Amino acid sequence: MMIKRSLIFLAVIATLLNVAPDAMADKKDRSCLAVVAGSLEQPWKGGKDDAEKKFGSLDAPAFSAAAVLDLKFAIVFSKKVAEQFSAVHIVEFRVYTPQGHLYQSLSIPMTNDGRLSGERHHVPGYPDPMPVQVLQPIHRGGGHGMFAEVTLPVAGTSIVGSSLYGTWKAEAFVADEIAPCSQRASFTITQ
């Protein structure tokens with residue numbers, strides 16, 4: 001009886017080992033290089049264009065709630081990974097308070113196909129179709145990538161009203177992935 005169970009167990013393991021590589025081969029690499037926070041109202045001084053001024057700094061940025069109306073978050077992909085987004089894909093940004101609580105989830109439709117610029121796409125959880133963002137080029141940290149961005153209002157929100165100052169975190173999820181595409185970005189909001 002024990003030998004029969006062992007043989008069945010070994011057969012199941014062998015089957016799984018043969019099937020798993022095929023399943024993994026079909027999985028696309030949706031990893032991003034970074035999730036970054038930025039603002040043109042408090043730009044990075046080393047930036048050469050708007051994208052670099054918003055998102056070029058490799059240090060965790062700090063923003064004064066009195067100086068910015070909103071913050072921008074970008075998801076940055078390598079050019080190779082960005083090539084696979086020829087159709088519309090949904091990116092969800094999750095922003096966490098200094099206490100670690102989810103403050104807001106923001107989703108956007110994105111693509112690398114410039115022909116889809118201006119189209120509107122339904123995003124689950126949003127009442128109206130949203131404009132599709134075409135990935136834009138960026139130079140960051142000596143490398144080249146492609147990014148899409150989302151806006152988080154600061155002025156007139158509970159960030160200011162409830163003095164939610166301190167070090168915040170943001171992460172991004174591509175399509176239906178269950179894990180964030182990179183490490184969480186850190187940024188500070190001060191009074």
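The values are calculated or read from the model by the stated rules, or taken from the named source; none is laboratory data. Bear in mind that the values here come from a model prediction, so they are computed numbers and not experimental data. Positions of Cβ are generated from backbone atoms using ideal geometry, with glycine treated the same way; all protein chains shown enter the neighbour counts. Note: areas computed on protein heavy atoms with side chains; ligands, DNA, RNA excluded. Shrake-Rupley method; radii C 1.70, N 1.55, O 1.52, S 1.80 Å.
Could you tell me which residue of the range 94-150 is least open to solvent (accessible area, probe 1.4 Å), considering only residues that are part of a helix (DSSP H, G or I) and more than 15 Å from residue 79 (Cβ to Cβ)? Among residues in the range 94-150 that are part of a helix (DSSP H, G or I) and more than 15 Å from residue 79 (Cβ to Cβ), the one least open to solvent (accessible area, probe 1.4 Å) is 116. Name the pairs whose Cβ atoms lie under 9 Å apart, with the first residue in the range 139-150 and closer than 15 Å to residue 90 by Cα, the second among the hydroxyl-bearing types (Ser, Thr, Tyr), and 6 or more positions between them or separate chains? Sorted first by the residue in the range 139-150, then by its partner, the pairs are 148/111; 150/107.
Among the candidates 72, 53, 48, the residue that is of a type outside the set (S, T, N, Q), assigned to a helix (DSSP H, G or I) and at pLDDT 50 or above is uniquely 53.
When 163, 117, 78 are checked against the criterion of being closer than 25 Å to residue 46 by Cα and of a type in the set (S, T, N, Q), 78 stands alone in meeting it.
Is it fair to say residue 102 is under 29 Å from residue 65 (Cβ atoms) and at pLDDT 95 or above? Here the answer is yes, as residue 102 does meet what is asked. With respect to being in contact (Cβ under 8 Å) with a residue 24 or more places away in the chain, closer than 12 Å to residue 147 by Cα and surrounded by fewer than 16 Cβ atoms within 10 Å (Cβ to Cβ), residue 48 falls outside the description.
Just to be sure, is residue 91 within 13 Å of the chain's Cα centre (by Cα) and either in a helix (DSSP H, G or I) or surrounded by 16 or more Cβ atoms within 10 Å (Cβ to Cβ) (or both)? For residue 91, the condition - within 13 Å of the chain's Cα centre (by Cα) and either in a helix (DSSP H, G or I) or surrounded by 16 or more Cβ atoms within 10 Å (Cβ to Cβ) (or both) - is met.
Restricted to the range 151-187, and to residues there that are more than 13 Å from the chain's Cα centre (by Cα) and part of a loop (DSSP other than H, G, I, E, B), the residue that is nearest to residue 93 (Cα to Cα) is 154.
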